[in-house]
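As structure tokens, the structure follows; a few thoughts come after it.
The values are calculated or read from the model by the stated rules, or taken from the named source; none is laboratory data. A quick note: this is a predicted structure, and the numbers were derived from the prediction, not measured. Heads up, the Cβs are rebuilt from the backbone with ideal geometry, glycines too, and the neighbour counts pull from every protein chain shown. With ligands, DNA and RNA removed, areas are computed over all heavy atoms of the protein, side chains included. Shrake-Rupley method; radii C 1.70, N 1.55, O 1.52, S 1.80 Å.
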Amino acid sequence: MAALTDARRLVVKIGSALLVDRLTGALRAGWLASLAQDVAWLKGQGTDVVLVSSGSIALGREVLGLGRGPLALEQSQAAAAVGQIRLARAYEEVLAPHDITTAQILVTLEDSANRRRYLNSRATLETLINLGAVPIVNENDTVATDEIRFGDNDRLAAQIAVTVGADQLILLSDVDGFYSANPADDPAATRFGVIDRITPQIEAMAGDAGSGLSKGGMKTKLLAAKTAVSAGCAMAITEGSVLRPLTALSQGANATWFTAQTDPQAARKGWIAAMKPIGTVTLDAGAVTALSRGKSLLPAGITAVSGTFGRGDAIALLGPDGAVIGSGLSRYTAREAGCIKGHQSSEIETILGYPGRAALIHRDDMAL
Ligand code: GLU
């Protein structure tokens with residue numbers, strides 16, 4: 001079973017029901033401050049932390065006086081527009097006293113489905129994490145229409161965990177784990193401590209219902225678990241409403257842990273290796289050696305480019321003798337790659353007329 005204190009990179013999903021008081025619609029400020037203490041504690045021991053937070057709609061509907069009933073899509077979007085500002089500010093206010101910088105990232109389903117946008121959001125998240133900031137992620141509810149939205153932050157959180165290569169994902173929820181049946185209507189329901197494999201029997205146990213404020217029920221949590229574990233990320237569902245919920249989890253609070261099926265790096269390499277390359281670049285001997293030492297592929301080490309690939313597309317890497325040595329995701333189009341091949345990275349801006357990334361293929365985007 002995974003242990004929270006072992007996490008290298010952690011994504012924590014915070015549900016609306018934890019952040020917003022069901023009766024008054026107000027932000028639970030004391031609870032949020034305790035979560036910030038947990039984040040500071042984890043960062044202090046070297047764990048990268050990304051938060052995926054719901055709550056924009058729940059906060060905004062109160063401000064706009066939209067009542068408690070179901071909302072039309074446009075009303076939810078209006079509520080999200082108002083609530084998201086407050087949500088981001090609330091995180092900033094509780095994290096600043098710990099000297100932690102907060103960043104807001106709003107994404108839609110397309111940002112993970114489209115490879116180029118996926119790589120862009122990955123690069124931004126990675127940069128923020130490396131600069132020590134805590135990204136607060138939510139769906140861009142104000143623009144995402146039904147066909148292009150996740151709709152629930154459980155699956156969004158799993159996607160973010162995959163995007164940043166997290167090794168653990170914690171869903172802070174209003175239930176303390178995954179049960180054999182809905183504990184609200186079946187007193188015989190039992191909670192699983194660890195789920196090593198998501199079998200059809202397990203899937204059959206997930207009901208549909210979500211709680212009043214949040215979109216996700218057990219079904220979306222199970223879908224999130226599938227995404228996470230197959231990408232090498234362990235996932236836990238635990239009750240989040242206690243103060244310092246992450247400390248509580250590390251001290252053995254009730255939870256269900258889903259076991260990771262691989263490690264994040266191997267999963268990513270497998271994903272890249274399975275793509276069909278639509279172009280090639282030929283490397284000189286020096287670049288082949290550099291790659292085998294775990295370096296990124298710089299334009300200087302490329303002698304030839306073929307195919308018509310775009311940014312984010314998979315391309316094959318050929319050694320000087322033409323043998324395939326691996327593949328990777330290109331950060332430049334074939335045309336751009338043709339112009340900068342053989343040149344130093346410092347010359348890229350002069351050649352292309354705009355600045356670009358130093359590497360043609362980053363080492364994380366490569367499978368050898
Ligand atoms: N993105 C929605 C919000 O911030 C929440 C979706 C969910 O509850 O899963 O209000």
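Observations on the model:
- Bridging of LYS295 to aspartates and glutamates at a Cα separation below 18 Å is possible for GLU126, ASP284, ASP364, ASP365, once same-chain residues fewer than 8 apart are set aside.
- Gyration tensor (alpha-carbon) shape descriptor, the stretch 260-307, a/c threshold 1.5: oblate
- Cα pair distances exceeding 22 angstrom across the stretch 161-257, given as percent: 26
- Selected from PHE258, THR108, LEU329, residue furthest toward positive end of dipole (the chain; charges at beta carbon): LEU329
- Quotient of Cα Rg and 2.2 N^0.38 Å for the stretch 302-345, N being how many residues it contains: 1.09
- Per-selection Rg to Rh, the stretch 69-138 - Cα, Kirkwood hydrodynamic radius: 1.06
- Taking 1.002 mPa s as the viscosity and 20 °C as the temperature, the Stokes-Einstein diffusion coefficient of the stretch 20-172 based on its alpha-carbon Kirkwood radius rounds to 133 µm²/s.
- Equivalent ellipsoid semi-axes - Cα gyration tensor, the stretch 88-198, angstrom: 29, 19, 15
- Listed by chain and number, the lysines whose C-alpha is less than 23 Å from the C-alpha of LYS13, apart from same-chain residues fewer than 8 away, are LYS43, LYS215, LYS219, LYS221, LYS226.
- Sequence-distant residues sharing a close amide H with ASN140 (under 5 Å, placed H): VAL107, THR108
- The Cα trace of the chain gives Rg and Dmax of 22.4, 70 Å, the first to one decimal, the second as a whole number.
- As a rough guide to protection, the peptides 236-243, 97-104 ranked by mean Cβ packing within 10 Å, highest first, stand as 236-243, 97-104.
- When the Cα positions of LEU249, ILE278, ILE195 are compared along the charge dipole of the chain, ILE278 comes out farthest toward the positive end, with charges on each C-beta of Lys, Arg, Asp and Glu.
- ³J(HN,Hα), Karplus 6.51/-1.76/1.60, whole Hz, each residue of the stretch 285-300, x for Gly, Pro: 4, x, 5, 4, 4, 4, 5, 5, 8, x, 8, 7, 8, 8, x, 4
- Histogrammed with a bin width of 10 Å, the alpha carbon distances of the stretch 219-308 distribute as 14, 25, 24, 16, 14, 7 percent, first bin at zero.
- Solvent-accessible area per residue in the chain equals 44 Å², computed with a 1.4 angstrom probe and all protein chains kept.
- Largest first and in whole Å, the equivalent-ellipsoid semi-axes of the stretch 151-201 read 25, 14, 10, each the square root of five times a Cα gyration tensor eigenvalue.
- Quick note on the stretch 241-368: its Rg to Rh ratio, both from C-alpha atoms and Rh being the Kirkwood radius, is 1.20.
- Carbon plus sulfur fraction of accessible area for the stretch 38-139, probe 1.4 Å, in percent: 50
- Vicinal HN-Hα couplings computed from phi for the stretch 198-204 (Karplus, 6.51 cos²θ - 1.76 cosθ + 1.60; Hz; Gly/Pro x): 8, 8, x, 5, 4, 4, 5
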